[in-house]
Amino acid sequence: MPVIAVALVFFVYQLIQDNRRPIPKFESNYVEESWSAEEYLRHLNNRAFNGDEVHRLLLNRTRQKPGVYLESLEPVMDTVGLTVVNVFHNVMGDDYIPVITSGNDYPFHARNSKHYFNKAIDFRIKNIPIEKRRMVVTGVEDKLKGKARAIWEKGDAEHLHVELLE
């Protein structure tokens, strides 16, 4: 029995010694592209995206409040959302990351809210200075004219509500 224990200890010791070789260094070739808001929008307009890619872009260019559900959005809402993100970047700078506070996830929207039909999203604006809030709201209204409506909802849960026109 002691011979087996000694052999086992020796085997474990050898195993540890064999695994002391240095870990090979891995360098990823992936470089995250960083563009200004205008370059980014120009790139979006020049490239053909499929729906999943546009949705991923919206998720990557924004943060989402915990519990926000955006997976069933109408595909055009992803494009509308990216247009809103572009306005945020123009007003707040390219480093600003907008927060989406609601999609189709909140059971207490108005009775016929477009949130329930996956045609509306809300963006947080309450933490932005009032002058810049006005600039964001008017910029979004101008960019989305004819496609979607932007509503500045004030109160305790102040946010920018964006919904498709229909």
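Every number here is computed from the coordinates shown, using simple stated rules; none is lab data. These figures come from a predicted structure and were not determined experimentally. Counting neighbours? That spans all protein chains shown, and the Cβs are built from the backbone with ideal geometry, glycine included.
Backbone geometry of the range 76-81 corresponds, through the Karplus equation with coefficients 6.51, -1.76 and 1.60 at θ = phi - 60°, to 3J(HN,Hα) couplings of 5, 5, 5, 5, 4, x Hz, x marking Gly and Pro.
With the cut-off at 1.5 for a/c, could you classify the range 126-166 from its C-alpha gyration tensor as rounded, prolate or oblate? Cα axes put the range 126-166 in the oblate bin. Is the range 35-164 best put as rounded, prolate or oblate by its Cα gyration tensor, with a ≥ b ≥ c the root eigenvalues, rounded for a/c under 1.5, and otherwise prolate when a/b is larger than b/c, oblate when not? Oblate is the answer for the range 35-164, as a/c is 1.5 or above yet b/c matches or exceeds a/b.
Counting only lysines at least 8 places from Lys114 when in the same chain, those with an alpha carbon closer than 28 Å to its own are Lys65, Lys126, Lys132, Lys143, Lys145, Lys147, Lys154. In this label model, Glu71 and Phe117 are separated by 2.4 nm, measuring between points 7 Å along each Cα→Cβ vector.
Test of understanding: ordering Glu153, Glu163 by Cβ neighbours within 10 Å, fewest first, what list do you get?
Glu153, Glu163
According to the square roots a ≥ b ≥ c of the eigenvalues of the Cα gyration tensor, what is the shape class of the range 51-92, taking rounded for a/c under 1.5, prolate for a/b larger than b/c otherwise, and oblate for the remainder? Judged from the Cα gyration tensor, the range 51-92 comes out oblate (a/c at least 1.5, b/c at or above a/b).
Extension gain for Arg134-Ile4 works out to 38.9 nm (0.36 nm per residue, less the C-alpha to C-alpha distance).
Distance between the pseudo-spin-label points of Arg42 and Arg56 (7 Å out from Cα toward the beta carbon): 2.5 nm.
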